[in-house]
Amino acid sequence: MAGEESVRNKQVVLKNYVNAGLPKESDMEIKESSVQLKVPEGTKDAILVKNLYLSCDPYMRNRLKEIEGSYVASFQIGSPINGYGVAKVVDSTHSGYKKGDLIWGITGWEEYTLVTAPDTLFKIQHTDVPLTYYSGLLGMAGMTAYVGFYEICSPKKGEYVYVSAASGAVGQLVGQFAKLLGCYVVGSAGSKEKIDLLKNKFGFDAAFNYKEEPDLDAALKRHFPEGIDIYFENVGGKMLDAVLGNMRVHGRIAACGMISQYSKEQLDAVHNLIYIIPKRIRMQGFIVTDFYHLYPKYLEMIIPQIKEGKITYVEDKAEGLESAPAALIGLFTGRNVGKQLVVVSHD
């Protein structure tokens with residue numbers, strides 16, 4: 001619209017699909033365009049947002065592939081990638097949003113995004129907690145931990161719980177939820193720093209570095225001599241195989257992700273599937289968006305726990321959009337410690 005202020009809009013754009021192997025920073029590029037700080041004239045029920053924080057999440061690896069039939073579409077070459085983020089409304093033609101409102105949900109990896117379907121977003125009501133939490137603890141990752149543990153696994157006090165990728169955005173919360181319920185909790189991660197976090201900050205009963213274990217089956221038997229009641233699955237492959245042999249009768253597995261498999265051309269075989277029959281194991285994959293109707297219930301539980309200091313959350317912040325490709329790629333080599341997010345703007 002003539003006369004409206006036009007500003008720079010830095011963007012993270014996909015250059016190439018990465019169907020196998022680890023993505024590289026060079027598969028994405030930083031581009032600059034411009035944007036007017038106004039919803040285009042005639043565009044109804046839309047909002048223009050200024051992005052504050054962007055969430056780096058493992059599921060995004062599959063979106064870097066050229067695939068069909070997945071629950072989320074591939075990113076488009078030459079266009080900004082997108083994902084979960086926290087943003088502030090700059091302009092709105094939607095009756096439910098006004099300038100200054102804070103939101104979390106799917107937005108572009110850019111400084112400003114025009115959202116044409118804002119009904120999929122969540123308006124942020126609780127601003128007396130860190131705003132960054134809405135990229136993880138109070139956003140998609142928190143809901144994933146809540147749904148997978150409580151809704152899928154139906155936990156009971158005193159049960160034995162194992163969490164893989166336990167220091168990540170979701171795993172650190174699952175372990176804390178389990179401890180608050182009175183379960184025995186063991187986590188695995190890939191560095192001494194992460195193991196220390198699990199035991200000393202998140203309150204896990206025990207933890208081990210899977211990279212230092214030549215025999216995962218033996219490691220699990222050492223930590224769970226009586227077997228595992230609940231496994232929160234983030235890794236897949238050899239880890240899942242070892243767990244299946246160590247589950248207890250009527251054990252439950254919530255399959256949240258399988259990050260060890262996302263960059264492989266040939267997926268790892270799982271040999272121990274036979275155990276689900278004699279042990280009556282229930283294994284369920286889930287997509288968190290199917291459970292977003294429970295978000296108010298989750299907030300009701302988690303906000304008091306945060307304020308009372310019962311839940312702690314570790315974030316790994318990368319500064320600036322230029323750092324976003326490296327931050328995303330770092331997820332797949334375990335470089336991040338805690339929830340990986342990108343700070344686009346502090347206001």
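Kindly list, by first and then second residue, each pair from a residue in the range 112-124 that is touching a residue at least 40 places away in the same chain (Cβ under 8 Å) and at positive phi to a residue that is open to solvent by less than 60 Å² (accessible area, probe 1.4 Å) and outside any strand (DSSP E or B), limited to pairs with Cβ atoms under 6 Å and residues at least 6 apart or on different chains.
none
For the range 68-85, enumerate the residues that are touching a residue at least 40 places away in the same chain (Cβ under 8 Å) and over 14 Å from the mean Cα position of the chain (by Cα).
Tyr71, Ser74, Phe75, Gln76, Ile77, Gly78, Ser79, Pro80, Ile81
Could you figure out which of (1) open to solvent by 20 Å² or more (accessible area, probe 1.4 Å); (2) in contact with a helix residue (DSSP H, G or I) (Cβ under 9 Å, 6 or more places away or on another chain); (3) closer than 21 Å to Tyr298 by Cβ isn't true of Ala178?
Just one mismatch for Ala178, condition (1).
Can you name every residue in the range 288-344 that is in contact (Cβ under 8 Å) with a residue 60 or more places away in the chain and of a type in the set (D, E, K, R)?
The answer is Lys307, Lys310, Glu315, Lys317, Glu322, Lys339.
Just give me the residues in the range 283-309 being part of a loop (DSSP other than H, G, I, E, B) and either farther than 17 Å from Phe232 by Cα or in contact with a helix residue (DSSP H, G or I) (Cβ under 7 Å, 6 or more places away or on another chain) (or both), in sequence order.
Listed by number, the residues that qualify are Phe286, Glu308, Gly309.
Checking the condition part of a loop (DSSP other than H, G, I, E, B) and among the basic types (Lys, Arg), which residue from Arg252, Arg280 passes?
Unique residue meeting the criteria: Arg280.
Quick check, is Thr312 assigned to a helix (DSSP H, G or I) and among the polar types (S, T, N, Q)?
No: the conditions fail for Thr312.
Tell me which residues, restricted to the range 315-347, are more than 15 Å from Leu138 (Cα to Cα) and in a loop (DSSP other than H, G, I, E, B).
Gly320, Gly334, Arg335, Asn336, Val337, Val344, Ser345, His346, Asp347
I'd like to know if the range 225-233 contains one or more residues that are surrounded by 15 or more Cβ atoms within 10 Å (Cβ to Cβ), under 18 Å from the mean Cα position of the chain (by Cα) and of a type in the set (Asp, Glu).
Yes, there is a match, as at least one residue in the range 225-233 is surrounded by 15 or more Cβ atoms within 10 Å (Cβ to Cβ), under 18 Å from the mean Cα position of the chain (by Cα) and of a type in the set (Asp, Glu).
Output the residue which, of all residues in the range 289-314 that are surrounded by fewer than 19 Cβ atoms within 10 Å (Cβ to Cβ) and within 14 Å of the chain's Cα centre (by Cα), is nearest to Tyr112 (Cα to Cα).
Thr289
In this structure, is Ile106 surrounded by fewer than 20 Cβ atoms within 10 Å (Cβ to Cβ), in contact with a Leu (Cβ under 9 Å, 6 or more places away or on another chain) and either outside any loop (DSSP other than H, G, I, E, B) or of a type outside the set (Val, Ile, Thr) (or both)?
When the stated conditions are applied, Ile106 passes them.
Restricting attention to the range 261-277, report how many residues are under 22 Å from Asn62 (Cα atoms) and part of a loop (DSSP other than H, G, I, E, B).
Within the range 261-277, residues that are under 22 Å from Asn62 (Cα atoms) and part of a loop (DSSP other than H, G, I, E, B) number 9.
Looking at Leu102 and the list (1) in contact with a Lys or Arg (Cβ under 7 Å, 6 or more places away or on another chain); (2) at pLDDT below 95, which single condition is not satisfied?
All conditions are met except number (2).
The values are calculated or read from the model by the stated rules, or taken from the named source; none is laboratory data. Keep in mind that this is a model prediction, so the values were computed, not measured. Heads up, the Cβs are rebuilt from the backbone with ideal geometry, glycines too, and the neighbour counts pull from every protein chain shown. Heavy atoms of the whole protein, side chains included, go into the accessibility calculation; ligands, DNA and RNA do not. Shrake-Rupley method; radii C 1.70, N 1.55, O 1.52, S 1.80 Å.
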